[in-house]
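Chemist: Supplied in structure tokens, the structure appears directly below.
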Amino acid sequence: MVLNKKIIFRWVKVLLLLYGAFGLVIYYFQEKFIFHPTALADNYRYNFNTPFKEVNINYDNNIVYNMVQFFPKDTTTTKGVVLYFHGNRDNINRYAAYAKNFTQHGYEVWMPDYPTYGKSTGELSEQALQQQAIEVYNMAKTKFAEQQIILYGKSLGTGIAAFLSNKKNCQQLILETPYSSIPSLFQRYCFMYPVNRMIHYKLPTINYLKNTLAPITIFQAAEDKVIPNSNTTKLKNVLKPTDKFITIQKAAHNNVNDFKEFHIALDSLLQ
């Protein structure tokens with residue numbers, strides 16, 4: 001009996017040590033789980049098969065937000081601009097091909113890289129992501145009216161686009177594979193930890209949507225293994241009766257763009 005108690009006590013100590021160690025990994029390395037940037041040299045030259053222009057937004061002496069503006073072939077009939085906030089991997093190069101979805105309808109597409117992504121500088125933080133979004137919007141306002149500005153978020157970018165829609169007026173908000181909040185994603189895999197207190201990044205999309213006046217369209221991937229459907233579906237509860245929640249059957253997190261149903265729905269929003 002005494003031996004059994006010693007064995008049990010030993011295993012309890014091991015489990016507590018593992019619990020503590022894994023908790024420290026989550027706390028101190030959470031950015032490594034959330035962000036996967038690929039930096040580019042300042043002299044790197046973009047090469048896209050569509051009209052584009054590279055722009056730098058000099059926020060201060062140490063922070064530069066790099067952005068690529070994609071243009072429709074016929075610039076005489078430009079309808080407006082899509083502010084495109086991309087996912088958590090690589091940089092603009094990974095997402096540039098999606099600009100065609102909008103330029104073919106006469107919209108410019110402005111695609112910024114987050115701090116540490118591509119040529120953008122500065123430190124990553126939730127405040128930095130939000131401030132960058134506001135700077136991009138303010139620049140767009142110098143050329144376009146509010147009702148000519150569409151906010152589009154993909155994956156990580158959905159929380160940023162939703163934040164911006166909560167602060168600024170726009171024609172509409174479109175979210176592709178969004179999440180309820182960053183802590184809620186960690187909660188799925190780290191349910192035994194107080195993730196709301198551990199995770200620095202919140203990006204509570206669900207809270208932003210509650211106060212978004214613009215029309216909202218959400219695209220959910222039915223086979224999403226990155227952001228579970230149960231997490232995305234929570235957003236239904238805060239949508240307005242006129243908002244749209246569209247599930248793309250058989251689509252996974254990264255291939256929504258491959259499905260005809262997605263393009264039919266997106267085209268209808270842009271026409």
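Chemist: Would you please name the residue that is farthest from N166 (Cα to Cα), looking only at residues in segment 230-271 that are among the hydroxyl-bearing types (S, T, Y) and not in a helix (DSSP H, G or I)?
Modeler: T247
Chemist: Counting only residues that are in contact (Cβ under 8 Å) with a residue 40 or more places away in the chain and closer than 17 Å to S230 by Cβ, how many does segment 171-194 have?
Modeler: Count: 11.
Chemist: Now, a different point. State whether one or more residues within segment 120-132 are buried (at least 20 other Cβ atoms within 10 Å of the Cβ) and of a type in the set (G, A, S).
Modeler: Yes, segment 120-132 has at least one match.
Chemist: Pairs needed: first member in segment 199-220, closer than 22 Å to L124 by Cα and not assigned by TED's automatic domain parsing to the domain that holds K154; second member anywhere, modelled with pLDDT of 95 or more and buried (at least 23 other Cβ atoms within 10 Å of the Cβ); C-beta distance under 7 Å; at least 6 residues apart or different chains.
Modeler: Final answer for the pair search is none.
Chemist: Filtering segment 113-135 down to residues that are touching a residue at least 12 places away in the same chain (Cβ under 8 Å) and charged (D, E, K, R), which residue is farthest from M67 (Cα to Cα)?
Modeler: My answer is E126.
Chemist: Let me ask another. Does segment 96-111 include one or more residues that are touching a residue at least 60 places away in the same chain (Cβ under 8 Å), in contact with a Leu (Cβ under 6 Å, 6 or more places away or on another chain) and of a type outside the set (S, T, N, Q)?
Modeler: Within segment 96-111, one or more residues are touching a residue at least 60 places away in the same chain (Cβ under 8 Å), in contact with a Leu (Cβ under 6 Å, 6 or more places away or on another chain) and of a type outside the set (S, T, N, Q).
Chemist: I would also like to ask the following. Which residues, counting only those in segment 205-229, are part of a loop (DSSP other than H, G, I, E, B), among the hydrophobic types (A, V, I, L, M, F, W, C) and over 23 Å from Q249 (Cα atoms)?
Modeler: Correct list: L213, A214.
Chemist: Test F70 against the stated conditions and say whether it is buried (at least 18 other Cβ atoms within 10 Å of the Cβ), under 25 Å from Y208 (Cβ atoms), in the same structural domain as Q171 (by TED's automatic domain parsing) and not aliphatic (A, V, I, L, M).
Modeler: no
Chemist: Another question, if that's okay. Against the conditions (1) of a type outside the set (G, A, S); (2) surrounded by fewer than 24 Cβ atoms within 10 Å (Cβ to Cβ); (3) in contact (Cβ under 8 Å) with a residue 24 or more places away in the chain, where does N138 fall short? Just the number, please.
Modeler: (3)
Chemist: Check off (1) touching a Ser or Thr at 6+ places or on another chain (Cβ under 6 Å); (2) at pLDDT 95 or above for L124 and give me the number that stays unchecked.
Modeler: (2)
Chemist: Taking strands (runs of 3 or more DSSP E) that do not extend beyond segment 8-103, which have at least 1 residues that are modelled with pLDDT under 95?
Modeler: 52-58, 64-70
Chemist: Restricting to segment 143-197, give me the number of residues that are touching a Cys at 6+ places or on another chain (Cβ under 7 Å) and either part of a loop (DSSP other than H, G, I, E, B) or of a type in the set (A, V, I, L, M, F, W, C) (or both).
Modeler: Summing the residues that are touching a Cys at 6+ places or on another chain (Cβ under 7 Å) and either part of a loop (DSSP other than H, G, I, E, B) or of a type in the set (A, V, I, L, M, F, W, C) (or both) in segment 143-197 gives 3.
Chemist: Separate question: Is it true that some residue in segment 148-170 is out of contact with any helix residue (DSSP H, G or I) (no Cβ under 6 Å at 6 or more places or on another chain), in contact (Cβ under 8 Å) with a residue 24 or more places away in the chain, basic (K, R) and under 25 Å from V81 (Cα atoms)?
Modeler: Yes.
Chemist: Of the conditions (1) touching a helix residue (DSSP H, G or I) at 6+ places or on another chain (Cβ under 9 Å); (2) in a loop (DSSP other than H, G, I, E, B), A140 fails just one. Which one is it?
Modeler: The single condition A140 does not satisfy is (2).
Chemist: How many residues are in contact (Cβ under 8 Å) with a residue 24 or more places away in the chain and surrounded by 15 or more Cβ atoms within 10 Å (Cβ to Cβ) when one looks only at segment 255-268?
Modeler: Adding up the residues that qualify gives 5.
The values are calculated or read from the model by the stated rules, or taken from the named source; none is laboratory data. The model shown is predicted, which means the values in this text are computed figures rather than measured ones. Using ideal geometry, Cβ is built from the backbone for each residue, glycine included, and neighbour counts are taken over all protein chains shown.
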